[in-house]
Amino acid sequence: MTAPDIIHLLPDSVANQIAAGEVIQRPASVVKELVENSIDAGATQIKIIIKDAGRTLIQVIDDGCGMSVTDARMAFERHATSKIQQATDLFSLHTMGFRGEALPSIAAVSEIELRTKRAEDVAGTRLIISASQVESQQPDVCAKGSNIMVKRLFFNLPARRKFLKKDPVELGHISREFERLALVNTNVEFSFISNDVTIHQLPPAPLKKRICDLFSKTLDHQIIPIATDTSLVKIDGFVSLPSSARRRGALQYFFVNGRNMRHPYFHKAVISCYEDLIPADAQPCYFINFEVDPATIDVNIHPQKHEIKFENEQPIWQILSAAIKESLGRFNARAALDFDAVDAPDIPAFQPDDAATLDTDIDLRFNPFKLPKPPSSPDGSFSSRPYRERQAPSDWEKLYQNFTSRGPAIDTEEQPADIENIPMVRPSALNAHLPMAVEAEAPSLFQLKGRYIVSPARSGLMLIDQHRAHVRVLYEKYVAMSQQGPIPSQRLIFPDTVDLDATQAIVAASVAPTLASMGFDLCRVGSSNSWAINAVPSILGSSSPAEALLNVINALSDADEDVEQSQWHRIALSVARSASIKYGAALTPSEMDSLVADLFHLPIPDYTPDGKPIIKLIDLDYINKMF
C-alpha cells in the first residue's frame, strides 16, 4: 500500500498567523503599519488612539484618499498591494508599506473594524473582520479617508498575548515608534492619545521644531545643523554639540528617503566624529536624513524594514563624516580652519618692496640655546649651584599635590562619588576575604588610568574595575537596606526639577509608587512633564538627583521583563550606577583598600548584577611568555 502524501498547502488563516509572527511583534508594530498606510494614502492629519497600551484598542484615523468597496476588501488579502506590479518595482519605491502582509497579518490576530470613503464616492464602506474571517461589509456614512480600529490584539493566540509586557513598557514602545514616524513626516499633523489623555499634539513644522516638540525645548540650543549635497547622496539634519552628549537615552535617528532605519555602519561614522570630544561612556544625539537614488538601496532585507542595504556605503560614510566634522568645526565644537568665514581677518598679500621697511636691528650674537647666567645671591656673589636646583621645593610639592588630587581627566562632567561611607579596612582584614589566588600578605594596590585597581596575586596579577566594583557593593547595600524596612531618604534643601519627554513621563507616572518605596519623593509640576525631586535614597550621596532619576526611567523604558522583581532590580541597579565611583576618579590607597575589602565581603564579587565582569586575573605563565 502506497503511503499517503504528507505535504499540503496551509489554509490562508494559518499562513496569515505565521506571517503575523514576523510582521506583528507587539502593539507598536500595528501602529507602525497602520500609520505608514495612512501616509501612503496622502494623509495630512493622522490621529492615533490607544487603549490599555494597545491590548484593547489601536485606532488610526486619517484624511487620506480612502478606498473603494473592492479595494477595502482586497486590502486584507495576502500579498495584495497597490505599489508593485513587477519585481523591478522593488528598486524604485517611494512609499512605506508594499509587502501586502501587514493588514492580513493584523486581521489574523485581532478584530478589525474599518470605515473608509473616497472623496468622489457618495457613501463609504464599513468592513468587520475577526481572525481573518469577514463578518460583514456594508455601505456606511463616514468622512473622507480611513478609520481603522484594531481590537483585542492576539485574542486568539493566548500565548502571544501572555508574553506582552506591562502597559508602561508596551506604551513606551508605541511612543518611540510614534516619535520615529513623526520625525520623518514633519509635514503631517499628528495626534497621539492614550487612555483619553493627549500625549502629543503636533502641527506640521520644520524638523528642528518637531524635534523640540517631541522631546524637549532645551534641545533647541543643544543641536546644530549639518548639510551636504553630492551626486551620491544628499544629507541634512541635526547633531548634538559635544557638551550635550548623553550617557543614557541618547536620541539617535537615521532616515532614508522618508523611511526610518537602523544602520550600525553609519552610526560608527557619527561616533568617530566625536572622538576626544566627549567621554568614552557618552553618546551624541543625531537626527540625520539621507536622500539617495532608490535604485541604490534595498529596503526588503528585514521583516519590519528597519534595516536598509546601501550600494555605496563606504563613500557615504566619508561624506557623512566630513559633513559632521565641518559642522562641529563651524560651531566651534572642534578645531577647524575656515578661510571663507565672514569675519576672517584680512591678511594682505606679501609685496617684495615691503621687505625694505622691515626692522633690521637684530642682535646677531643672540643664542637661544645658551642658558642665562644664574642670578646673583643677596651678597652679590654668584651661586655655584645650578639655577634650576635653587627653586623653592615647597612650590613643587604643592604643585604635585594639586596635580595628583585631580586624577586623570577621563570624565570631566561626572564627579567622584562620595565613598566616605565605605568603612576603613586594614590590609590584614582585607586578606581574610581575598580569593585564594591573591597573595597572603598585604597586597600593594595601585590605580591604573583612573579605571582599574591593580593588585599582585599568587597566580599573577589581578585587575579590578573600580566603577563596577562599587556598583556591586552599593547594589548589595541597597538590597540589604530594603530588607530591613523602608529605604531611608535624603531630603533636598532645594527640590531638583527634571524635564521629561512624553515617553519618560508615562514611565515615571506608572512607577511612582515603586520609586517612593525605594526612597524617591517625586511630584509632578502642574500638568507639564516636569517633575520635582524632593528626596532621594540616602545611598546616592552627592550624586545628581536629576541624573539618577533619568537613569532609572531610561532603564525601565528599555526593560523587556514583565515581573515586579525585575522592575525593582533595574531601579536598584540604576541607583547604584548613579552613586558609584566614576571612571577617572583618583582613589587614595585607603579608599582602594576599603573598596576591595567590601567587594570580597560579598558572596558574588566577580560580576555586576547585570553580569558584567569585575575582576580579571592575568596568569603568571602568560606574563612570562611575553618576556
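The values are calculated or read from the model by the stated rules, or taken from the named source; none is laboratory data. Since the model is a prediction, treat every value here as computed from it, not as a measurement. All Cβ positions, even for glycine, are placed from backbone atoms using ideal geometry, and neighbour counts span all protein chains on display. Ligands, DNA and RNA are excluded from the accessible area calculation, which covers all protein heavy atoms including side chains. Shrake-Rupley method; radii C 1.70, N 1.55, O 1.52, S 1.80 Å.
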* Summed residue charge, Cβ within 13 Å of ALA143's Cβ, Lys/Arg positive, Asp/Glu negative -> +2
* Asked: Per-residue HN-Hα couplings for region 37-42, Karplus 6.51 cos²θ - 1.76 cosθ + 1.60 at θ = phi - 60°, whole Hz, x for Gly and Pro?
  -> 5, 5, 5, 4, 7, x
* Structure fact -> To the nearest Å², the heavy-atom accessible area per residue of region 489-627 with 1.4 Å probe amounts to 45 Å²
* Structure fact -> Beyond 28 Å (Cα-Cα) in this structure, taken from LYS217/LYS449; LYS144/LYS234; LYS32/LYS144; LYS208/LYS268; LYS51/LYS144; LYS32/LYS162, we find LYS217/LYS449; LYS144/LYS234
* Work out the FRET efficiency for SER130 and ALA532 from their Cβ-Cβ distance, taking R0 = 45 Å, and round it to the nearest 0.05. => 0.40
* Whole-percent pair-distance distribution, where bins are 5 Å wide, for the alpha carbons of region 516-627 -> 2, 9, 14, 18, 17, 15, 9, 6, 5, 3, 1, 1, 0, 0
* Residues of region 132-155 with amide nitrogen under 11 Å from the 7 Å Cα-to-Cβ point of ASP121? -> 138-147
* Calculate what fraction, in whole %, of the accessible area of region 221-283 sits on carbon and sulfur atoms when a 1.4 Å probe is rolled over the protein chains. => 50 percent
* Can you pull the percent of region 146-198's accessible area that's carbon plus sulfur, 1.4 Å probe, other chains left in place? -> 54 percent
* **Per-residue HN-Hα couplings for region 47-59 [Karplus 6.51, -1.76, 1.60; θ = phi - 60°; Hz; x = Gly/Pro]** => 10, 10, 10, 10, 10, 6, 6, x, 5, 8, 8, 10, 10
* **Nearest-20 debye value, region 211-304 charge dipole, Cβ charges on Lys, Arg, Asp, Glu** => 360 debye
* If you stretched the chain out fully between GLU313 and GLN25, how much longer would it get, using 0.36 nm times the residue separation minus the C-alpha to C-alpha distance? -> 100.7 nm
* Label point distance in nm, HIS267-LYS449, each placed 7 Å from Cα along Cα→Cβ -> 2.3 nm
* Largest first, what is the accessible-area ranking of LYS582, LYS234 with a 1.4 Å probe? -> LYS234, LYS582
* Given H placed on each backbone N at 1.01 Å, which residues far from THR608 in sequence or on other chains put an amide H within less than 5 Å of it? -> ILE614
* Structure fact -> Output ordering of 113-121, 218-226 (per-residue mean of other Cβ within 10 Å, highest first) is 113-121, 218-226
* By average C-beta atoms within 10 angstrom, highest first, the peptides 256-264, 486-494 -> 256-264, 486-494
* To do: Can you tell me the dipole magnitude for region 243-293 around its Cα centre, using point charges on the Cβ only (Lys, Arg +1; Asp, Glu -1), in Debye to the nearest 20?
  => 280 debye
